[in-house]
1. With +1 assigned to the C-beta of every Lys and Arg and -1 to the C-beta of every Asp and Glu, and no other charges, what is the dipole magnitude of the stretch B:49-116 about the Cα centre in debye, to the nearest 20?
2. Among chain A residues, which Cβ is nearest the axis of the A-onto-B rotation, and at how many Å?
3. Quick one: of A:Lys60/B:Lys34; A:Lys34/A:Lys60; B:Lys152/B:Lys224; A:Lys34/B:Lys60, which pairs are farther than 21 Å apart, Cα to Cα?
4. Taking only DSSP H segments of four or more residues, each worth -39500 (n - 2.57), what value at 222 nm results for chain B once the sum is divided by all its residues, to the nearest 500 deg cm²/dmol?
5. Give, rounded to the nearest 20 debye, the magnitude of the charge dipole that the stretch A:66-188 has about its Cα centre when Lys and Arg contribute +1 at Cβ and Asp and Glu contribute -1 at Cβ.
6. Considering the convex hull of the alpha carbon atoms of the stretch B:242-285, report its projected area averaged over all viewing directions, in nm², one decimal.
7. Sorted from shortest, what are the nm distances separating the label point of A:Ala184 from equivalent points in the other copies, each placed 7 Å from Cα along Cα to C-beta?
8. I'd like the orientation of helix A:103-114 relative to chain A: the angle between its Cα long axis and the longest Cα principal axis, in ° from 0 to 90, rounded to 10.
There are 2 protein chains.
Amino acid sequence: MSAGRVTAAEIAEQPTVLARVLDEGLPTIRAVAKVVVERAPRFVLFNARGTSDNASFYAKYLVEVLLGMPAGMTSPSTTTVYGVRPDLRDCLVVAVSQSGSSPDLVESTEVARECGALTLAVTNVPDSPLASVSELTLDVLAGPELAVPATKTYTAQLLTLWALVDAWRGGSAAEARGVPDLAAGVLARADEVARLAARYRFASELVTTGRGYSFPTAREAALKVMETSFLSAHAWSGADLLHGPLAMVDERIPVIALAAEGPGGAAIAPVLDRLRERGADLCVVGSVAAVAAAPYGFALPAGVADTVSPVLEIMPLQRLAWEIAVARGYDPDQPRGLAKVTETR
Amino acid sequence: MSAGRVTAAEIAEQPTVLARVLDEGLPTIRAVAKVVVERAPRFVLFNARGTSDNASFYAKYLVEVLLGMPAGMTSPSTTTVYGVRPDLRDCLVVAVSQSGSSPDLVESTEVARECGALTLAVTNVPDSPLASVSELTLDVLAGPELAVPATKTYTAQLLTLWALVDAWRGGSAAEARGVPDLAAGVLARADEVARLAARYRFASELVTTGRGYSFPTAREAALKVMETSFLSAHAWSGADLLHGPLAMVDERIPVIALAAEGPGGAAIAPVLDRLRERGADLCVVGSVAAVAAAPYGFALPAGVADTVSPVLEIMPLQRLAWEIAVARGYDPDQPRGLAKVTETR
């Protein structure tokens, strides 16, 4: 079997998975949102690691911006290492995990429920231990994911979490309606990504950056590249980049910037100016205008709501990580040193 | 003036600064804690960037573990980029900033106060814009910091935040009493750090890791190395490292692990085993036992409470970043591309 075949198939499956979330998933998502609205939490905590942590981080922005509600990311170790039993009344704890099996997530979610939180598992395995300890469960409906790097479960998590927040505020999921078809269009442009990837064949480092909803995309892109190509990839929020790490960036280090339509994309513009001043090699994944102003890039379809564009913008970067890995002779399906379920406590 | 002279002086000043926090700062810290207790917040949000974000992240663990209270890190962009006015009643927003001048922190803290939060500025400039928009202020008493890389303000922030949480739960700051003298002892061992630094003279990447209270130390150490030596340094929580980034680590990449006495240090042990299996070049900053089991290391003084050991454990790593930068011909006082006050919005 050729290297990366499983990952490539799972990346290509995403339009089907996203359509399934919208066609089959929405009724359950709305039912869960109804329970959440009735219980009226005042604070949302996300409990996740790895790729699921990046999906959660996107959802944290949605909760903060669309619901105006404070949100945070848990440190599972407070429960599993320090044995804390926090006061979580009025908190919604959303545990996000592809497998639903990481022992630390299961344990910390169980403790959160005992400590008064409303608990919701967002997982690809609805009969997983995580789902069984949670009061509510959302199946992200991605189908079995066999490759070690999570791809289709990531975008399924994003769309599920978006639809949950949208239903929570009384939306009808209108902004997401065209996303599966747009995803198919983005994935059909694999040749464009292959040409970009060729430029990174010999890079030893990579920096990704974005702001707002797209900062989690920058983090997930960096994680994919690290997992599959063992390239040192740093993700920085556009703002944090100026607080120190900018010193590290020079003409030797390629930068991939997310600049979708909307306020987050607009806010990254001054960061891109600073990067240009430092001679950074810049590639932009984003709006037609932002891509046109950069030496290299991948233009996203126009007219997509900025709240849902992270579902699309990660796709060329998943492919990019795959291309770099294969070009270097690695098998993206089975990165060295990793297992599909991570047994941390 | 020789390269790095200002940073070196500020690193060396830390025992004096820490003694000042305990001798002069405690009455105000206790008065602020009293107001916080009276107002009885149920959630704590930290608002910070860069080094101050690492100090805040440590304080997040303290709030979660010592107070059993949920806590989170804000994304300032939700206010400054997306214009959100969140419902922050019952929230304490702690804005941490050396200069108190970053426009996005000032604006987001001002909005937080308008939206019902109790606001507290923790800053080295008590007449700064950040302090003026906040209801409460704590001066970290580090004295003027002239070098671009924050060093003495970082440990002053850590100790101030620790003392605040300690006073909040009715403590008498007992665990910190010996810290200034112990800091002087740690800093006196500069020759040990110089020997370690020589090993990293030609490294192009570095990984740092820790768990619990020491994970923020890992992040701050990575940031210092990036700021001063332009070395690609990644900080991972011990648990997250196993969720993907481990694939990147091999015998070419030095790993610096934090392993102080206490549950966090114990929890990093299985991660160190996995790193050894992968042939990583391992240096441990931590307990005498953990250092003895590693090929390279720096032993911390015994018997320090794990809640306060982050104040000490960063010091050899500040010196390490300084040594690497100077060995490479850079000036740690003035890293290229950086300004002392970062003007992000």
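1. The dipole magnitude comes to about 60 debye.
2. A:Gly72, 1
3. A:Lys60/B:Lys34; A:Lys34/B:Lys60
4. The per-residue figure over chain B is -14000 deg cm²/dmol.
5. It works out to roughly 200 debye.
6. 2.9 nm²
7. 7.4
8. Between the helix axis and the principal axis of chain A, the angle is about 40 degrees.
Each reported figure results from applying straightforward, stated rules to the coordinates on display, with no laboratory input. Keep in mind it's a predicted model, so treat the numbers as computed, not measured. Cβ atoms come from the backbone with ideal geometry, glycine included; neighbour counts cover every protein chain shown.
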